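Remarks on the structure that follows.
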Amino acid sequence: MIRVAAVGDIHLGPDSRGTLRPSFETLPDCADLLLLAGDLTRHGTPEEAEVVAAEIKDLGVPVVAVLGNHDHHDGHPDEVTAILREAGAHVLEGESTVLTCGDTKVGVAGTKGFGGGFVGRCAGEFGEPVMKEFVAYSRRCADGLRGALQELAEQDCDVRVALTHFSPVPDTLAGEPLEIFPFLGSYLLAEAIDTAGADLAVHGHAHAGTEHGMTTGGVKVRNVAQPVIGRAFHVYHLRPQERAGSAAGAASSSSAGRPG
């Protein structure tokens, strides 16, 4: 059994230094790795990234992250990424990483993702150049995720997880206004996940959304935005012998990491 801790949308700033560290320090007792699903900072400044870095450094479990839209706002995503990597995090954008947890190979593929909406109510690459670029950018993110998941399949990982900030499905957006669904995720991410295969998909971004969802291909999706899960992180249990896409992947979940 692999124990995957995950949280997104922690939105740390200078005044929140040290708030998550006590909970994160319990991770070696309850999880094998920590996934951070974007919006780790408030405005994407290097100063805020340093706060995040201090919270996740030397936790005793591997940390894998993607950036969110907030982490891009200040225009320094590369610097934010470098600061988090210096703290030991694997920061992914159209990339994958393989972790060894005991005798199990856990692969994580990640992208921030982008919007565009979902089947039947989605934007298309038609019309003005800015609209074409909007959808093309979302497609590039999805293509990067697909390629990263396929790399993990070729490496014979026992468990594969798709980590994004934007949502791949509308299920986990329930509770958000319908009018903003196109800005919260894209069906292209779900297509990538179903095409390449995964055991679990984790995202954030939708603060007023719902935790549980599923792709049309049967991959379980979890919205781990902190306002949704209501704790420092949530732990999901995966059985390596079960593969989503052909069988259930996320066997169970448990509450963990309530801030003290």
Whichever residue in segment 101-134 is among the basic types (K, R) and touching a residue at least 60 places away in the same chain (Cβ under 8 Å) and, among such residues, is nearest to L145 (Cα to Cα): K112
Selected residue (only one of A196, A250, A256, A232 is more than 22 Å from A123 (Cα to Cα), touching a Leu at 6+ places or on another chain (Cβ under 8 Å) and modelled with pLDDT under 95): A250
Matching entry among T41, T45 (being polar (S, T, N, Q) and buried (at least 21 other Cβ atoms within 10 Å of the Cβ)): T41
Criterion violated by V98 - all others in (1) touching a Cys at 6+ places or on another chain (Cβ under 9 Å); (2) of a type in the set (A, V, I, L, M); (3) open to solvent by 30 Å² or more (accessible area, probe 1.4 Å); (4) in contact (Cβ under 8 Å) with a residue 60 or more places away in the chain satisfied: (4)
Count - residues of segment 142-175 that are surrounded by fewer than 21 Cβ atoms within 10 Å (Cβ to Cβ) and assigned to a helix (DSSP H, G or I): 7
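Conditions tested, residue by residue: (1) free of Cβ contacts under 8 Å to residues at least 24 places away in the same chain; (2) closer than 14 Å to K112 by Cα; (3) within 14 Å of the chain's Cα centre (by Cα).
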| site | (1), (2), (3) |
| --- | --- |
| L152 | no, no, no |
| C157 | no, no, no |
| R160 | no, no, yes |
| T164 | no, yes, yes |
| P170 | no, no, no |
| A196 | no, no, no |
| V202 | no, yes, yes |
Residue match in segment 220-229 (condition: in contact with a helix residue (DSSP H, G or I) (Cβ under 7 Å, 6 or more places away or on another chain), at pLDDT 95 or above and surrounded by 18 or more Cβ atoms within 10 Å (Cβ to Cβ)): yes
Count - residues of segment 176-190 that are farther than 24 Å from H237 by Cα and open to solvent by less than 50 Å² (accessible area, probe 1.4 Å): 7
A89 vs. criteria crowded, with 17+ Cβ neighbours inside 10 Å, of a type in the set (G, A, S) and modelled with pLDDT of 95 or more: yes
In segment 107-141, the residues that are open to solvent by less than 40 Å² (accessible area, probe 1.4 Å) and within 15 Å of the chain's Cα centre (by Cα): G107, V108, A109, G110, T111, K112, G113, G115, C141
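Among the candidates G144, G213, single out the residue that is out of contact with any Leu (no Cβ under 6 Å at 6 or more places or on another chain), within 15 Å of A109 (Cα to Cα) and at pLDDT 95 or above.
Numbers: G213 fails: within 15 Å of A109 (Cα to Cα).
Result: G144 is the single residue among G144, G213 that is out of contact with any Leu (no Cβ under 6 Å at 6 or more places or on another chain), within 15 Å of A109 (Cα to Cα) and at pLDDT 95 or above.
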Tally of residues being under 16 Å from the mean Cα position of the chain (by Cα) and within 24 Å of V91 (Cα to Cα) across segment 172-190: 8
Any pair with Cβ under 9 angstrom, 6 or more apart, that starts in segment 74-95 at a residue that is on the phi > 0 side of the Ramachandran plot and ends at one that is open to solvent by less than 60 Å² (accessible area, probe 1.4 Å) and part of a strand (DSSP E or B): G88/V63; G94/A109; G94/G110; G94/T111
Enumeration of residues in segment 191-208 that are buried (at least 24 other Cβ atoms within 10 Å of the Cβ) and touching an Asp or Glu at 6+ places or on another chain (Cβ under 8 Å): A192, D199, G204, H205, A206
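The values are calculated or read from the model by the stated rules, or taken from the named source; none is laboratory data. Treat the numbers as computed from the prediction; the structure is a model and nothing was measured. Cβ atoms come from the backbone with ideal geometry, glycine included; neighbour counts cover every protein chain shown. Heavy atoms of the whole protein, side chains included, go into the accessibility calculation; ligands, DNA and RNA do not. Shrake-Rupley method; radii C 1.70, N 1.55, O 1.52, S 1.80 Å.
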